[in-house]
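Worksheet: the structure to be examined is printed underneath.
The values are calculated or read from the model by the stated rules, or taken from the named source; none is laboratory data. None of these values were measured; they are calculated from a predicted model. Reconstructed Cβ throughout: ideal geometry from the backbone, glycine too, with neighbour counts over all protein chains shown. Just so you know, the surface numbers come from the protein's heavy atoms only, side chains and all, with ligands and any DNA or RNA stripped out. Shrake-Rupley method; radii C 1.70, N 1.55, O 1.52, S 1.80 Å.
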Protein chains: 2
Amino acid sequence: MTLRLTDEKMVRIINHDEYDLPTETEKNVAGVALSAILDVLEDNVGFEIEVTKHIKPGSGVGSSSASAVGAVVAANKLLEERFSRLELAEFALKGEFLASQGRHADNVAPCLYGGFTLVRSVSPLDIVKIDFPKLFVTVIHPQIEIKTSEARKILPTEIPLRSAIQAWANVGALIAALSKGDYDLISRSLEDLIVEPVRKSLIPHFDELKTASLKVNALGGGISGSGPSVFMLSETFETAQSVEKAMREVYGNTKIEFNTYVSEINSEGVKILDK
Amino acid sequence: MTLRLTDEKMVRIINHDEYDLPTETEKNVAGVALSAILDVLEDNVGFEIEVTKHIKPGSGVGSSSASAVGAVVAANKLLEERFSRLELAEFALKGEFLASQGRHADNVAPCLYGGFTLVRSVSPLDIVKIDFPKLFVTVIHPQIEIKTSEARKILPTEIPLRSAIQAWANVGALIAALSKGDYDLISRSLEDLIVEPVRKSLIPHFDELKTASLKVNALGGGISGSGPSVFMLSETFETAQSVEKAMREVYGNTKIEFNTYVSEINSEGVKILDK
């Protein structure tokens, strides 16, 4: 993503990828996020932004947040860092709203702060950075479309209190495990008994992916966002690569196209590559 | 609590307090916990236990767990530490079951491990110790009886997924806040929108207690166990004392008898005072 200041109070968007995303400011997440900045700026400036996305939209790995956060971080750099990180998050949330039709910071927060983040509250925005040990993630992105609206619709509106308590315990334990760097506890806590059992029906071969990954020592994982991507965490890069291999074998037997990615968990978030 | 080894495979219980607790082994939480130990011991020994409780049973601060855990820790000392802490927790849980008619380690875990503990799972038992900063607690124990069965009955069996998510966020944030020693975040996370709004109806003047405590800088708090005790956390001993004063003023205007307690959060759990 490349951003330039212009002397006209508007946003110009140039896409260099094949995904045919809209270039109208109000229909583009980066455009909306940048507009939100222009709305509060008294200066008579605007932005020209060039974007080359490397991940197909609708993956569930937060690529729309990447655009929104990337745009506001770059803009803030050009504006001599006049906004705080929390203000940038608010601008990015406006872009994210366009993509997900909801105010949620699940993707904006880690993209902006790096590493693991917990969103305690969205109104007011309360983002907590979570300490974590060295961790690697493997993602498989099946090239199928899951409509966010459908992924939401199949969730129950009410859940048993008993299940909620069990999930509270796992969430709390996961945060403690990350903070302590306790890999065994991370593994035991990566258990979602509420959303995963319902949503996995939208992802072909989900159980096989998980079983194959755990067999080669993944710590655990689940659905990324609302899918269709599936992520697995591992303690080492080598294990994460074995997990990738195992996932590719599962999907190699199907006719579904897919991409896989292996990465260390990024602890910095979006960053300026070149001034 | 004083424990002695005897040469007869049985438990003898002697109470020194005014609470008229049963001395039949199978009706006494310490008795049941000690029996659980005798059940797995091949040695031909038994226990004589003397108990002086200082907190009225049914307070909600976990006094039955204190008895169960105290008994098994003392017994383990006399048996030359042959059981692990997790094994001791299992014995104590059997005693706790008698008091609460449920297998839950909410009180047994902190009593045994000290400080803040998170029970990720009760079957199998998975207890996580949580790091925490210096903290002080103020407790008010109104001398009214809340039947555990009633306190349970008024809880909803189902809750909105939306509320559950909000609660997950607060639980996770509280664990992160304790680990980091972030007092502001502890304060913001001490928010229970599920159980407290329902159960507080069983505790006279709950809202007034909370308002008065927050006014003198308590970090936050809520119902202790299933009540009727109410706890508030503070950053300093002085604040915890101001909270005590504020709580006493609220209850001083009522005809309800009450006790208050101020203590630093104990980080050791039950301990051997004298061999």
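With each pseudo-label sitting 7 Å past Cα toward Cβ, what's the residue A:2-residue B:272 distance in nm, one decimal?
Between residue A:2 and residue B:272, the simple spin-label model gives 7.3 nm.
Mind checking Rg over Rh on segment B:118-174, alpha carbons, Kirkwood formula for Rh?
Result: Rg/Rh = 1.03.
What is the sum of charges around residue B:170, taking Lys and Arg as +1, Asp and Glu as -1, for the other residues whose C-beta is under 12 Å from the C-beta of residue B:170?
Surrounding charge for residue B:170 is -2.
Using helices alone, what [θ] at 222 nm do you get for chain B, with -39,500 (n - 2.57) per DSSP H run of 4 or more residues, divided over all residues and rounded to the nearest 500?
-12500 deg cm²/dmol
Straight-line reach only, C-alpha to C-alpha below 15 angstrom: list the aspartates and glutamates that residue A:200 could link to, leaving out same-chain residues fewer than 8 apart.
Qualifying aspartates and glutamates at Cα under 15 Å: A:145, A:150, A:191, A:192, A:208.
Net charge around residue A:83, counting only other residues with Cβ within less than 15 Å of its Cβ (Lys, Arg = +1; Asp, Glu = -1)?
Net charge around residue A:83: -3.
Would you mind computing, in nm to one decimal, how far apart the modelled labels at residue B:56 and residue B:85 are, each placed 7 Å from Cα along Cα→Cβ?
That separation, rounded to one decimal, is 3.4 nm.
If one takes the accessible area of chain B alone plus chain A alone and subtracts that of the pair, with a 1.4 Å probe, what total in Å², rounded to the nearest 100, results?
Separately minus together, B and A give about 2500 Å² buried.
Show which lysines lie in cross-link reach of residue B:275 when reach means a straight Cα distance below 28 angstrom and same-chain residues fewer than eight apart are skipped.
B:9, B:27, B:53, B:56, B:77, B:94, B:129
May I have the convex hull volume per residue, in Å³, for the Cα set of chain A?
Output value, Cα hull per residue: 134 Å³.
Normalised by the residues of segment A:8-139, what does the relative contact order come to in percent, with Cα pairs under 8 Å and at least six apart?
With pairs under 8 Å counted, the relative contact order is 22 percent.
With all distinct Cα pairs included, what does the Kirkwood hydrodynamic radius of segment A:17-84 come out to in Å, to one decimal, could you say?
Hydrodynamic radius (Kirkwood, Cα pairs) of segment A:17-84 is 12.8 Å.
Considering Cα pairs under 8 angstrom that are at least six residues apart, work out the relative contact order of segment A:57-126 and quote it in whole percent.
30
Let me have the relative contact order for segment A:181-222, percent, based on Cα pairs under 8 Å that are six or more residues apart.
Here the relative contact order equals 57 percent.
What does the accessible area per residue of segment A:148-265 come to in Å², with a 1.4 Å probe and no ligands, DNA or RNA counted?
Dividing the accessible area of segment A:148-265 by its residue count gives 49 Å².
Across 10 Å bins from 0, what is the distribution of all Cα-Cα pair distances for segment B:176-230, in whole percents?
P(r) for segment B:176-230, in whole percents per bin: 22, 51, 25, 2.
Excluding residue B:94 itself, calculate the net charge of residues whose Cβ lies under 12 Å from the Cβ of residue B:94, where each Lys or Arg counts +1 and each Asp or Glu counts -1.
With Lys, Arg at +1 and Asp, Glu at -1, the neighbours total -4.
What is the calculated FRET efficiency for residue B:148 to residue A:150, with r their C-beta to C-beta distance and R₀ = 45 Å, to the nearest 0.05?
0.55
Which loop-located GluC sites (Glu not before Pro) does segment B:7-57 contain, where loop means any DSSP state but H, G, I, E or B and the Cβ has at most 11 other Cβ atoms within 10 Å?
For GluC sites (Glu not before Pro) across segment B:7-57 that sit outside H, G, I, E and B with at most 11 neighbouring Cβ atoms in 10 Å, the list reads B:8, B:18, B:24, B:42.
Which of the peptides A:91-103, A:158-170, A:66-78 is most tightly packed, and how do the rest follow, judged by the mean count of other Cβ atoms within 10 Å per residue?
In descending order of packing, they fall as A:66-78, A:91-103, A:158-170.
Using a 1.4 Å probe on the protein heavy atoms, what percent of the accessible area of the protein assembly as shown belongs to carbon and sulfur?
Of the solvent-accessible surface of the protein assembly as shown, carbon and sulfur hold 49 percent.
Within 10 Å of each Cβ in B:193-202, how many Cβ atoms from other chains are there, averaged over the peptide?
1
In Å, what Rg and Dmax follow from the Cα atoms of the protein assembly as shown?
27.5, 93
Out of every Cα-Cα pair in segment A:173-275, what percent are more than 18 Å apart?
Across segment A:173-275, Cα pairs with separations above 18 Å total 52 percent.
Which whole-percent values make up P(r) of segment B:230-270 when all C-alpha to C-alpha distances are grouped in 10 Å steps starting at zero?
26, 48, 22, 4
Enter the mean number of other protein chain beta carbons within 10 Å of the beta carbon of each residue in B:171-184, as an integer.
Average neighbour count from other chains, rounded to a whole number: 6.
What do you get when you divide the Cα radius of gyration of segment B:50-174 by 2.2 N^0.38 Å, with N the number of residues?
Cα Rg divided by the expected 2.2 N^0.38 Å: 1.19.
Going by Cα centres, segment B:101-129 and segment A:178-207 are how many Å apart?
About 22 Å separates the Cα centre of segment B:101-129 from the one of segment A:178-207.
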